[in-house]
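Read the structure below first, then the notes.
The values are calculated or read from the model by the stated rules, or taken from the named source; none is laboratory data. Just so it is clear, the model here is predicted, and its values are computed rather than measured. No Cβ is skipped: glycine too gets one built from the backbone with ideal geometry, and neighbour counts run over all protein chains shown. For accessibility, only protein heavy atoms count, side chains too; no ligands or nucleic acids. Shrake-Rupley method; radii C 1.70, N 1.55, O 1.52, S 1.80 Å.
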Amino acid sequence: MCSFNRRKSRAGKSLEHHLATIFTAAQLEYEEQVVTEDNKKPDFLFPNGEAYHDILFPANKLVFLGAKTTCKDRWRQILNEADRIETKYLFTLQQGISKNQLREMKHEHLKLVVPAPYRTSFDKEFQPEIETLASFIEMVKLKQSSAPIYSVLLLSDKIDCI
């Protein structure tokens, strides 16, 4: 691997570590690099892999977030990483993605998540559809507060069997 690719890989891992620190500080339940269909490994699954693989856990309470420092055409890589989740989220630091790519993303049920100051770098037509990291965290908190606590759900199943 050339030094340029190693540097890009380190930047991507650094971004994931920063996001994980933010999610932990926000007290979100999440898991990184969970194996899903066809050995895919999404960057972040909310609440966790166990819930994702439990067909009884409501799919509308699951959230997927990919993280890429830049999108280019690589955003398509995340589309098949978690089949149970229709709308995928992608955190990126790339600003000013083209209208055509934003339309494609919308068509593929992909929502961008960016730092709040970056939102204005996107075409005004698409700005309302782009999440900030803060609004993404609030959305996940809302889903997690209205979802049963997964460990309690498992415990109650065991109690019913006794």
Next on the checklist: Consider segment 64-113. How many of its residues are surrounded by 13 or more Cβ atoms within 10 Å (Cβ to Cβ), touching a residue at least 24 places away in the same chain (Cβ under 8 Å) and of a type in the set (Lys, Arg)?
Outcome noted: 5
Checklist entry - Quick check, is residue 121 polar (S, T, N, Q), in contact with a Gly (Cβ under 8 Å, 6 or more places away or on another chain) and farther than 19 Å from residue 65 by Cβ? => result yes
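Residue-wise test of (1) under 14 Å from the mean Cα position of the chain (by Cα); (2) open to solvent by 60 Å² or more (accessible area, probe 1.4 Å); (3) of a type outside the set (Gly, Ala, Ser); (4) at pLDDT 95 or above.
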residue: 119; (1), (2), (3), (4): no, yes, yes, no
residue: 125; (1), (2), (3), (4): no, yes, yes, no
residue: 129; (1), (2), (3), (4): no, yes, yes, no
residue: 134; (1), (2), (3), (4): yes, yes, no, yes
residue: 138; (1), (2), (3), (4): yes, yes, yes, yes
residue: 147; (1), (2), (3), (4): no, no, no, no
residue: 152; (1), (2), (3), (4): no, yes, yes, no
residue: 156; (1), (2), (3), (4): no, no, no, no
residue: 159; (1), (2), (3), (4): no, yes, yes, no
Checklist entry - Take the residues of segment 31-47 that are of a type outside the set (A, V, I, L, M, F, W, C), buried (at least 19 other Cβ atoms within 10 Å of the Cβ) and modelled with pLDDT under 95: which is nearest to residue 92 (Cα to Cα)? => result 43
